[in-house]
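Worksheet: the structure to be examined is printed underneath.
Read the figures in this text as sums done on the coordinates, not as results from a lab. Quick caveat, the model's predicted, so the values are computed rather than measured. All Cβ positions, even for glycine, are placed from backbone atoms using ideal geometry, and neighbour counts span all protein chains on display.
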Amino acid sequence: MNGIMIAKRSLTTLLSRTQNLSKERQFIFNNLKQARFCAYLAMQQRTPYSRDFFFRQLFDEKSWTYSYLLADVNTKEAVIIDPVLEHAPRDSKIIHELGLKLKFAMNTHCHADHITGSGYLKKLLPGTLSVIGGKAGANADRFLVDEETVEFGRHKIVAYETPGHTNGCMTFVIHEQGIAFTGDALLIRGCGRTDFQEGDPKTLYKSVHNKILSLPDNFVLYPAHDYQGRTETTVAEEKKYNPRLTRSIEEFVEIMNNLNLPYPKQIDKAVPANRECGVYDIPAEEPKK
Ligand SMILES: N[C@@H](CCC(=O)N[C@@H](CS)C(=O)NCC(=O)O)C(=O)O
Ligand SMILES: [Fe+2]
């Protein structure tokens, strides 16, 4: 082996070592970044629920919808967020068993994929009032405006307009408990589609950034649906990992305009029914216990 060949081989070995070193460095750097974010998340402990705050997440397996039953443990006043028609008997049974009094059946928006349980719950639990955002274009007993407060016992929900999936979408925040119910504005690692009803991607992007991701990092977010079995997220997680909302507004619009999702199966039945806030398809007879 002559001198030139030896020199070439040494140079090649040296180069590959340098490349490996930079790859290793990159790997360590990425791991450190990840570890730092995990440590940050661990520090962002959730606000513990007050002892007098009752919370129950409920699920509809047909439309993958989450409903939330909340109550004041002392006064027993309760609200339910996004109830589903078919589950009104289940929900009213829980309310009855726990000795709660349902004050409001609240809707984050006029849903396209299922019929709200508001009307049926009104029938099963007389005295319940249905509630929806004033811009939803739906009928209800109470219409909410931006930043209006809804009370149950001593607890307060603040309703914020978060349009974009539909015009009337609202996010319900309980500041004291560090939680927000985002409806379909923000889903876990996703967001509501913008290709039907009054959907508009730019409006949705601004709503989510200005009203939801601007909440404290440790706020826990509860969506109206999840299609992968996840139950909750946080502001910090979505700001880091939401594949759509971490992009620029232009990229977001591009993504949303190219989702090509199938039309929701129940939309033609659900939207007209929800405009009447659930006074639809309710059995004349009480369900058998
Ligand atoms: N496949 C479902 C439709 C699911 C769907 O379109 N969900 C709406 C919320 S009502 C959505 O925004 N989905 C967002 C997504 O899937 O990324 C059905 O037929 O009901
Ligand atoms: Fe929806």
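Structure notes:
- Lys, Arg +1 and Asp, Glu -1 on Cβ, resulting dipole of the chain about Cα centre, debye, nearest 20: 1380 debye
- Check: the range 169-243 dipole with +1 on Lys, Arg Cβ and -1 on Asp, Glu Cβ, in debye: 200 debye
- Working from label points 7 Å from Cα in the Cα-to-Cβ sense, the E147 to D195 distance is 3.7 nm.
- Model label sites at Y241 and Q228, defined 7 Å from Cα along the beta-carbon direction, differ in position by 0.8 nm.
- Antiparallel bridge percentage (DSSP; both residues within the range 53-269; nearest 5): 65 percent
- Cβ crowding within 10 Å ranks C169, C277, C38 as C38, C277, C169, fewest other Cβ atoms first.
- Relative to the longest principal axis of the Cα atoms of the chain, the long axis of helix 88-97 lies at roughly 80 degrees.
- Lysines with Cα under 18 Å of K265, excluding same-chain neighbours fewer than 8 positions away: K62
- Which of F104, F55 has the fewest Cβ neighbours within 10 Å, and the rest in rising order: F55, F104
- Only helical runs count toward this figure. For the chain, summing -39,500 (n - 2.57) over DSSP H runs of n ≥ 4 and dividing by all residues gives -9500 deg cm²/dmol at 222 nm.
- Under a model in which nothing but the beta-carbon of Lys, Arg (+1) and Asp, Glu (-1) is charged, the range 131-289 shows a dipole of about 280 debye around its Cα centre.
- Centre-to-centre, using Cα atoms only, the range 129-160 and the range 96-128 are separated by 13 Å.
- Of G119, G127, G164, the residue with the greatest mean-square motion in the GNM of the chain, using alpha carbon springs below 10 Å, is G127.
- Gain on full stretching of the segment that runs from E251 to L41 - 0.36 nm per residue minus C-alpha separation: 72.9 nm
- Placed amide H near D226: partners under 5 Å, 5+ positions off or other chain: Y66
- For R56 and N260, the FRET efficiency from 1/(1 + (r/R0)^6), where r spans their Cβ atoms and R0 equals 41 Å, is about 0.70.
- Taking a straight Cα-Cα cut-off under 19 Å and skipping sequence neighbours fewer than 8 places away in the same chain, the lysines within cross-link reach of K206 are K135, K239, K240.
- Most positive-pole-ward Cα, G117, A236, V253, against dipole of the range 53-269 from beta carbon charges: G117
- Here's how it looks for F59: its modeled amide H is under 5 Å from those of S67, which are all 5 or more places away or on a different chain.
- Top of E238, E151, E254 by mean-square fluctuation, Gaussian network on the chain, Cα under 10 Å: E254
- Principal-axis tilt of helix 3-43 within the chain, Cα atoms, nearest 10 degrees: 20 degrees
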